[in-house]
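Below: one structure, written as structure tokens.
FYI, it's all coordinate maths here, none of it is from the lab. Computed from a predicted model, the values in this text were never measured in an experiment. Glycine also receives a Cβ, built like all others from the backbone with ideal geometry; neighbour counts cover every protein chain displayed.
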Amino acid sequence: MLGSQLYVFVLFLLGQYEKSLLDKCMELTNITERCLHTDDEFFLKSMREAIHEILTDVSDSFSNMIDMALANEIRLLIKQIDSSDSVHTIGSAISNLLSLTQDGPQLCSIIAKVLIDRLKSFCLR
């Protein structure tokens, strides 16, 4: 169930970033076309910097999408823990959360942010 919800969320994120990513890809295509038709070293060097900037922007967009998708997955696991009466479901959700912590500090940071947001909303009730 979580996998299909994650898939839908990722599609939503792609929709949010689609125009920006398509614009960057078009920009990259245009630069590449111009580079193919010149031997001007100064121009090629300046285009290399532009390409680097575009690829950095695309990378940042994908990183943000991945972080948001993972945060959504973590929220779903926490929701399972909160709403379930089944020991098996709760244990499975906790196990999945713990396994995410094994994937490094990036995921631990995302988990911490989601838990802090959850705690804030709980305290404001």
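Applying the selection to the stretch 77-114, what residues are of a type in the set (D, E, K, R) and more than 22 Å from SER63 (Cα to Cα)?
Matches in the stretch 77-114: LYS79, ASP82, ASP85.
A quick yes/no check of all residues on (1) in a loop (DSSP other than H, G, I, E, B); (2) without any contact (Cβ under 8 Å) to a residue 12 or more places away in the chain; (3) in contact with a strand residue (DSSP E or B) (Cβ under 6 Å, 6 or more places away or on another chain):
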| position | (1), (2), (3) |
| --- | --- |
| CYS35 | no, no, no |
| ASP39 | yes, yes, no |
| PHE43 | no, yes, no |
| MET47 | no, no, no |
| ILE54 | no, no, no |
| SER63 | no, yes, no |
| MET68 | no, no, no |
| LYS79 | no, yes, no |
| ASP82 | no, yes, no |
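Out of all the residues in the stretch 36-46, is one or more in contact with a helix residue (DSSP H, G or I) (Cβ under 8 Å, 6 or more places away or on another chain) and either acidic (Asp, Glu) or buried (at least 16 other Cβ atoms within 10 Å of the Cβ) (or both)?
Taking every residue of the stretch 36-46 in turn, none turns out to be in contact with a helix residue (DSSP H, G or I) (Cβ under 8 Å, 6 or more places away or on another chain) and either acidic (Asp, Glu) or buried (at least 16 other Cβ atoms within 10 Å of the Cβ) (or both).
Tally up the residues in the stretch 107-125 that are closer than 23 Å to VAL8 by Cβ and loosely packed, with under 13 Cβ neighbours inside 10 Å, please.
The qualifying residues number 1.
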